[in-house]
Each structure stands twice: as structure tokens, then as C-alpha cells.
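Report on one structure; see the data block that follows.
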Amino acid sequence: MLKMFITSIKNLFRKPVTQLYPYEKYEPFDGYRGKISWEKGKCTFCMKCGRACTSGAIKILIYSGETKEWVWNPIQCIYCGECVRSCPFGALIQEKYYASPITKGEKLDWSEIEKKAGRLEDRWRRQLRDRRGKRKSE
Amino acid sequence: MKIFELGKAKSPWILHYNTGSCNGCDIELLAVLTPRYDVERFGMLNKGNPKQADILLITGPVTKRCRERLLNLYLQVPEPKVVVAVGTCSCGGGVFRHMYNVENGVERVIPVDVYVPGCAARPQQIIDGVVKALQILREKGRALEVPPHLKKIVRGREGGIDRESLLEDLRRR
Amino acid sequence: MKKIKVNQEICTTIPMGSQHVALPEPVKLVFDTENEVVKRVSFDVSYVHRGIEKSLTTMYDFKKAPYVVGRICGICAIAHSIACTVALERSIGIDGEVPDRVRAVRMIGLELDRLQSHFLINGHLAEVCGYENIFMHLWRCREFILDTADMLFGNRVQYDVVCVGGVNRDIDEKTGTRISEALEEIEESIGFMEEVFTRDKTLVKRLEGLGVVSKDKAFEYGLVGPSARASGVKTDCRIEDDWGMYRDFGLEIITMTEGDALARCLVRVLECFESVRMIREALDSTSPGEEIQLRVRDNPKKDAVCRNEAPRGELFYYIRGTGKKIPGRVKIRTPTFANIPILPHVMIGVRYNDVPPLLMSFDPCLSCTGR
Amino acid sequence: MKTLLILVFSPVIGGLIEGAFRKVNARMQTRVGPPIVQPFYDLLKLLQKRPILINNYHVLMAYAHFVLMATALATFLLGGDLLLVIFFHGMSLAFLAMGAYSLRSAYSHVGATRELFHILAVEPPLLLIAVNIYMNTGTFLLSDVFETQRLVKIMPFSFLALIASLPGMLRRSPFDVSEAHQEIIGGPEIEYSGPFYAPIYLAKWLEKVLVAAFIGIFFLGSPLIVVAIATSFILVLALDNSTARLSYWDMVKITWVVALPLVGANIFLNAQGVL
């Protein structure tokens, strides 16, 4: 009790330990598991990252033609880094900066994208099955 | 008046509710109050009382038992109020998405204004989120200043939001 | 249970929860009090049930399981991850091949987690006693531990470092030396914590003799972890089911005999010293550069259990392997689940203002219990 | 004119004292803390919130609490009767408790009961101090008391008794039982919100000014008056930061055991003519 009393009074004349965060820039440690960045050139759309993702934050939309899309949802990701480790081509890199908060307007409609990805995957699977069936019948 | 404008976004009192998160974000929320980050710089106090709160910080993917409590808390906070979903699981479910006892995220129950990502959200991210929430709080405060001759109409329209109808809506889902 | 007659007419019913400042988690306690003395308690702990056990047998394959079970509880996340991983490894049959370096890294993770958890709960306990300054000081000290974790594993709370067959990242020598420096600072702050919980008059006055659990009672109710050790029960799963190298390092089990709230705090404080020693031993015994991840080819096929000592006590995992990617059954028994039944018994006869410290001294983690 | 000045300036000074309290408290916990004008921001915000009414009586009691606290302060500063000041102060706290009893909230009831114990703990030492002042000055009328210089010289033990009951009066740990944030979340004021919470918030400032004035009585005519007030407040804050909260029974016991004998000793010594 007495010690804390003296410490409290001493603290009055010491510098506070607070980091004035938004005004003072903060640099995360090296190796902090932050945002995931994607390089288009290296990606082959093998879907390994999507399958490795625990929380389903990566969806790959493969439309009928050559148009393919890699979607990552920052507010669904749990930042475990499993997708980065699973990528065989090094197309995914984990930056050391954390994602910033977003407002209502900037948010992706994730359930819509989930549905869409599911539909596209189903179609793609069906096509694959049909092709295999054709090959077998031949 | 300009002097009234000052008070709008300078003293957010927070209410924290855990709707089934892993405690990770909750302890980071407590850590935000401690000397290293000290959000009392922005006048933020952990009031823990919905009637005196301005900002609701909600963690967790909203389990089915929690949602009525969450709605109750939301309705008890006087306007203007801002809802901040802290952490991945309150934004969209995170790893709990599509589990059987979970509503995927806070937005399914009450309107959310700011989404703070991260699992668990860092104190820096939470501070960023609160700063963003303060801007929204200021805007919402302005929207409340309705001219007096329109007040009657507005009040009539807002009377439509009552607890029973919202609960009914929840049950139907 | 002590039978005390409750006069309904002069009773004040005080609900606590599911939202309350002293509770970071949703739990509802209803107290019937007479003149602020608790006469009857009822508990409701299942606000946070999310269905994780079920989802592990339907949604996620076993390689994702360590990440999912880490989200059961953010305070003892790595304890869950390790228990799950070890159980899975035993089920696959590769637990003998796990290299020493992996065990060491896992031990460092677990002990860091224990340190921060003990700091957290002791600080929070001081806060609910109305001693805000200690809360601020202990949590300031806790930031050193979190910084160390941030440096090592890349996150402050959810380390996510454990995977089936190894760990995700190794500790290189440069970081190793930096940790040894940080450990000294941490040890200093543990010394501060010890001084507070032994010397500070008002805090000791409030906690001493509060919620006494005798050794027999502790056996009877099957208490685990620091709560059991404070009553004199010598139990520690790190020794009993050693997945790491605790037996080699000679881990000491700290016990006390008083069994009150203060003893529970002091057990935690003394355990912190032991944890620091374990981290030092683990850092010195192995060197980086070895293989840190085994290739896992098989699926879990046997029944396996793992008992791990989480910061709150014994954590039990049972996994039934079926030879498929998804296990047939996952059963989790968490420490708080064992510690809750005694709470109504010790709370009766206590003044309402002593209830939050008493509750916090058992270190309840409802996210674990609800799952 | 003087009345008007007091009415305008005392809340401003009270707000600044409250802000300084929060700032110093934060610095003692090695934090930066809010800006010193933070209480004014809080008040402005509270006035702009959408009102939520629970019952009329509840709100009436909040205003009664504020008005009586303001009356107590005005009586004090305008040189009224010291006994009246203490009576108004106690009455105002009682109104807060009565407002809290008008609801069905359990926390509110517990808080109100504790508030009553609070009055029980704090008012007797104050009354005895007033009696001691009467002994030395021959009057309860403050305008006459103001003319006496440096009361602290002849009644040092009474001053110590006042310091001992300060944590109780300012609701600081170890005696912050009535608002006990971690137990009953603010106690009697829990159900007030928005503009109805504002009078209670203001009354808190006024109470601080009242306490400061009470300390000031002992140092009248001395240049140290401001220093004395500031030091005693800092001591209270340091005590707040070095103790845990005790129960309400301990509060009554400790305040009485420490403060009452001190005043009694002073009265005895004054009667004997030693001091």
C-alpha cells in the first residue's frame, strides 16, 4: 500500500508510457502476420489457397472463359498464413502491416460471393465429370 | 451551435458485449484501456452501462442465445449511437461461419457501422476503428438535429421500431 | 450444499450478467441476497455455445483443426492447439517422431501464453477489487510478454504456430537472444506482482480467507489447475502427460495449503517464475535449424487422448480417428468446466461486494466452457 | 451580482477540477489521460443525447439532487449558515438515493442503500468539525467565519479529520462503495441517461468545489490556500491509486474510528485552551 502510494506520486513526474498511436506511427515487428497480397502474374488459379483457408476468406471465381478472379475478404480472414504456406508458386505474400477497419460501404457482400463461388465450382466440377465420362465411354 | 459541435465526437463512452467470441478480442479491448494504448486520450471510458453508452463494441459471431440480449442492449443505448464489430468473427463469422448455433456476424441482428478486421484485432486496429466510429458519430449527431416543425413526423416514423416487431423479425429468420 | 433458509420477502435478487463490467464474457449469475449477503446462487454458462466440437466432425479436416480449436478461447489458445495437435499426432501415430525443436517451440508458446494469462487474471482480479492502479501496472507489464509473442509468432493473442506434425515457424538465434533479454524484464515484473499480492494490505485484507476450499473439497469436486494446487492437491498435467520435455527440465509443481482466493493468486504468481525458467531451458536445450515440420501422409486412424495443462488447468482432448480426413468424434473437456461446480458452494455466505473477486480468483473462462 | 458570478463560475471551476482529477489519476497510472476540458465535452454530449425517461419521479430526484447541491454551494460561498450547508449536502445525497429507490433495478437499490451508508459515514465528522469551528469563532455564520485567519493553527486535528473523510466525500477508493463500478456499475446513477444524467454529472463538479471550499476554510488569509487544496486532492488521488475498495461497513467504521476521535481531541484541546 505504502509502496504504491509512493510510486503513484513518483509517476506524476515521470513520462507516461503511452504510445500516441494515431498521431505517432507504429511499426509492427518483422514477421507480423498482416494483410495478404496477391500477385496476378504468378497465380495459376490452382485453388490450393482456397482449400487451405480455414475460415473461407479466399474464393476463386472461375467463369466460363478465361476470366478468373481471386477474391480475399479482409474481414473474414483469420490471418493464420496457411494460404501463403500452401501456395506452390509464391503468388501470395503476407505483409507485415495489419488491415485497417472499414465502414459499411466498403464491405464486400461475402455471402453473395460465397454463393457465386459455390455455383461456379459446381458447374466446373460437372464439366470435369462430363469430360471424364466422355473419355471413359470413348 | 459551434460549441455543441465540440462535444459530439469528443467523449465516446463505450459498452462492450461478448456474443460468443474467443476472448481474444475482449482482452485486447481491455488492453486498449491500459497505459500502453490508453484510449482515455479520446475521452473514451468503459461505462459498461448501455444507458450511458455511445459506442457499442461487439465481439463474437452472435450465438443464438446471445442475439436477444444483443438486441436488448442495442435498443437501450440512446441515440446517436455507433456499432463497431470488433474482430473477424463479429464481422462475418470467421472460423465460426456456418456453424449450427451461430448467426454469421453481428450485422444479421443489428446494423453495424464499422468493421474492425483481425483475429484477434490488435489494439492499434481497435483504435483506428474507434477513430473512424467517432466520425460516424459526429455525422449521426448532425442527422439528429431535425428542424422543429418536422420533429413530429420524424418521431412518428421512428415509433415504428419497437422491440416486439424486431424480435418477431428475428424469430422468423 | 449448505442449507440456508431464504426468506423470499426480504430477499434482493441481484442479477449479474450476461453483460457486466467485471465479466468480459457472457455468463449469468443470479444472487438472492439478504443485506448484501449471498444466500442462493444460480448459474447460466452456455451463452457462448458455438458448436465447435460438431463442426470439427463435419466441416473442417484435421489439418485445419489446430486453427479452429485455437478460437475456442483466445487466452489459452495455444494450449488448445497443442492438445488437439498432440492428440491428432497420436491418432496418426507420428507422435514419437516429432523432433525436439518442435517440442521446445511449442513449450515456449505455451509458457508465454501461461505468463500472459496469469498476468491478465491477476490484474483483472485487482481491478474488480477496485484497485485500478495494480490493473494498469500489471497490464503494462503484460505488454512485454505480448511483444515477445508478437516477435516470435507474429501475433499478439492467437499465435497459430502449431500445426499437425510440427510448428509453422522456427525461432532464429537473433530472436532467441532478444527473448532472453525480454525474459529478464518479465521476471522483474513478476517480482513486482509477487510483492503486490504478498504485501499490499488492502488487497490482502480483501482476498485472505475468501472462498476457502479445503483439500477434501477440492478432491471431491475434482478441481484442476491453480485452483486445485492452491488447496494442496498436487496435480499438473505437464508432468502427468508429458508431450514436451517438462520431466527432463524438472518442472516443479507449486502447491499451497490455504485454499483461499489469495493462495490461488499466489500460486499463479509463483508459477510464472517456473514458466520463465521453462522458457529459458527450452531455448538453451535445442538449437534452430533442425527440421520443424513432419510430412503428414496418413489420416487419423486410432483413438487418442491428450491431456494438456492450460493456464487454467487440465485440458482434455479425445479424438476418434476413422481413417478419413475428418475425425469421427472430437471431445473436449476444458478446465473451467471442472472448476465451476464448486462456485455456488463457496459463494454462499459471502458479501456481494466480494463476489466479483471470488469469481475471478477461480479464473473462469466461459468461452472454453461453452465452446 | 456576486450570486450570479458564483452561479456561473463555480461549475466552470468544478469542471476544471474534475478534469484535473482525471488527468492526474491517469498520470499516476503512467497514462497520458484525457485533456483537462474533457468533463465539458462529456457534459455537452450528454445534453445532446436522445432522452430516455423511466419515470418522472426518478428524473425529478436527479434535478432535486443538483439543485440542493447548488444551494449548498451557494450558501457556503455567500456566507450562509455552516449547518445549513451540511444539511443541504446530506439532503442532496439523500435525494439521489430516493431517486434510485424509485425504480425496480437491483443495482440501483443496492447503490442507494450504500449511498445512505455514505451519508452516515461522512456527515457526522463534518457536523463535529462545524461544532469545532463554532467553538473557536463563536458563530456558525460563514460570513463571520471568513474573517478569522488560519483556522488550521488552532484546529489541526480537525483538519486531519477532514482529510480522512475526503475519500468518502469524493467517492474515491477505498471508499467508493456507492458507485463501485465493477460491482454495481455506478450504483444510484445507473439508470440515468443522456440529458437526465447531466444534472448528476454537474452535481459531482459542484460537490468537488464544495469540498475544496471546506478545505479552504482552514487556510483563510494564508497564501498557501491553493497549494493546500491541491495537495490534499493529490493525496486523495494517491490513496485512491494505492488501495482496494473496502466494503460499506468498513467505510463507516474506518471513517468514524479515524475522524471522530480526531475532531473530539481537537474539541477537547480547544476546550482546555491548549491550542
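Read the figures in this text as sums done on the coordinates, not as results from a lab. Bear in mind that the values here come from a model prediction, so they are computed numbers and not experimental data. Here the Cβ is made from the backbone with ideal geometry for all residues, glycine too, and neighbour counts use every protein chain on show.
Observations, loosely collected:
- Alpha-carbon geometry of the stretch B:37-80: the Rg and the Dmax are 12.2, 36 Å, given in that order.
- Cysteines having no other Cys beta carbon under 4.7 Å from their own, within chain A: A:43, A:46, A:53, A:77, A:80, A:87
- Square roots of 5 times each gyration tensor eigenvalue, C-alpha, chain C, largest first, Å: 36, 25, 17
- Cβ-placed point charges (K, R +1; D, E -1), dipole of chain C about Cα centre in debye, nearest 20: 1720
- Cβ-based net charge around residue D:71, under 13 Å, with every Lys or Arg adding one and every Asp or Glu removing one: -2
- Going from the fewest other Cβ atoms within 10 Å to the most, the residues A:12, C:210 appear in the order A:12, C:210.
- Computed over the stretch D:69-222, Cα set: Rg, Dmax in Å: 16.3, 50
- In sequence order, the stretch D:244-258 has phi-based couplings of 8, 6, 9, 7, 5, 5, 4, 4, 4, 4, 5, 4, 5, 5, 7 Hz under the Karplus curve 6.51 cos²θ - 1.76 cosθ + 1.60, θ = phi - 60°, and Gly or Pro positions carry x.
- Overall Cα dimensions of the protein assembly as shown - principal axes, largest extent first, Å: 118, 72, 57
- Whole-Hz ³J(HN,Hα) from phi, Karplus 6.51 cos²θ - 1.76 cosθ + 1.60, for the stretch C:21-36, glycine and proline x: 5, 6, 10, x, 10, x, 8, 10, 10, 10, 10, 9, 10, 10, 6, 6
- Taking chain D and dividing mean pair separation by its residue count, relative contact order in percent (alpha carbons under 8 Å, at least six apart): 27
- Charging the Cβ of each Asp and Glu at -1 and of each Lys and Arg at +1, and nothing else, the dipole of the stretch B:2-145 about its Cα centre rounds to 100 debye.
- Inter-part distance where the stretch A:24-97 and the stretch D:96-156 are each reduced to a Cα centre, Å: 66
- Restricting the chymotrypsin sites (Phe, Trp or Tyr not before Pro) of the stretch B:82-134 to loop positions (DSSP other than H, G, I, E, B) with no more than 12 neighbouring Cβ atoms within 10 Å leaves B:100.
- For the stretch B:2-145, with +1 on Lys and Arg beta carbons and -1 on Asp and Glu, the positive-most of B:34, B:74, B:96 along the dipole: B:74
- Of the residues C:72, C:87, C:125, the one whose Cα sits farthest toward the positive end of the charge dipole of the stretch C:70-126, with +1 on the Cβ of Lys and Arg and -1 on the Cβ of Asp and Glu, is C:125.
- Take every pair of alpha-carbon atoms less than 8 Å apart whose residues are at least six positions apart; their mean separation over the length of chain C yields a relative contact order of 26 percent.
- Cα-Cα over 28 Å, subset of C:64/C:174; A:35/B:47; C:205/D:153; A:59/C:64; A:115/C:64; A:107/B:81: C:64/C:174; A:35/B:47; C:205/D:153
- On the principal axes of its alpha-carbon atoms, the stretch C:140-255 has extents of 46, 35, 26 Å, going from largest to smallest.
- Centre-to-centre separation between the Cα atoms of the stretch D:228-275 and those of the stretch C:54-110: 58 Å.
- Normalised by residue number, the volume inside the convex hull of the Cα atoms of the stretch D:2-272 is 122 Å³ per residue.
- Where trypsin sites (Lys or Arg not before Pro) fall in DSSP loop in the stretch D:58-160, at most 16 other Cβ within 10 Å: D:104, D:150
- Close amide H contacts of residue A:78 (hydrogens built in the peptide plane, cut-off under 5 Å, sequence separation of 5 or more or a different chain): A:55.
- Counting only Cα atoms, the stretch A:6-63 measures 68, 23, 19 Å along its principal axes, largest extent leading.
- Charge tally in the Cβ shell below 14 Å around residue D:83, where Lys, Arg are +1 and Asp, Glu are -1, residue D:83 excluded: -3
- Mean separation of Cα contacts under 8 Å (6+ apart) over length of chain A, as relative contact order %: 27
- Computed E for residue A:115/residue C:252 - FRET, C-beta separation, R0 60 angstrom, nearest 0.05: 0.60
- Shielding value for D:192-201 is 2, the average number of Cβ atoms from other chains within 10 Å of each residue's Cβ.
- For residue A:72, the shell of other residues with beta-carbons less than 11 Å away shows a net charge of +1, using +1 for Lys and Arg and -1 for Asp and Glu.
- Among D:242, D:10, the order by Cβ neighbours within 10 angstrom, fewest to most, reads D:10, D:242.
- Chain A: angle of helix A:2-11 to the longest principal axis, Cα-based, in degrees nearest 10: 80
- Vicinal HN-Hα couplings computed from phi for the stretch C:125-138 (Karplus, 6.51 cos²θ - 1.76 cosθ + 1.60; Hz; Gly/Pro x): 4, 4, 5, 6, 7, x, 9, 5, 5, 5, 4, 5, 5, 5
- Computed Rg/Rh of the stretch B:2-145, alpha carbon atoms with Kirkwood Rh: 0.96
- Assigned charges on the beta-carbon of Lys, Arg, Asp, Glu; chain D dipole about Cα centre (debye): 580
- Positive-end residue, chain A charge dipole about Cα centroid, Cβ charges, pick of A:12, A:137, A:117: A:137
- Sparse-neighbour loop sites [GluC sites (Glu not before Pro); the stretch C:249-304; at most 15 other C-beta within 10 Å; DSSP]: C:252, C:290, C:291
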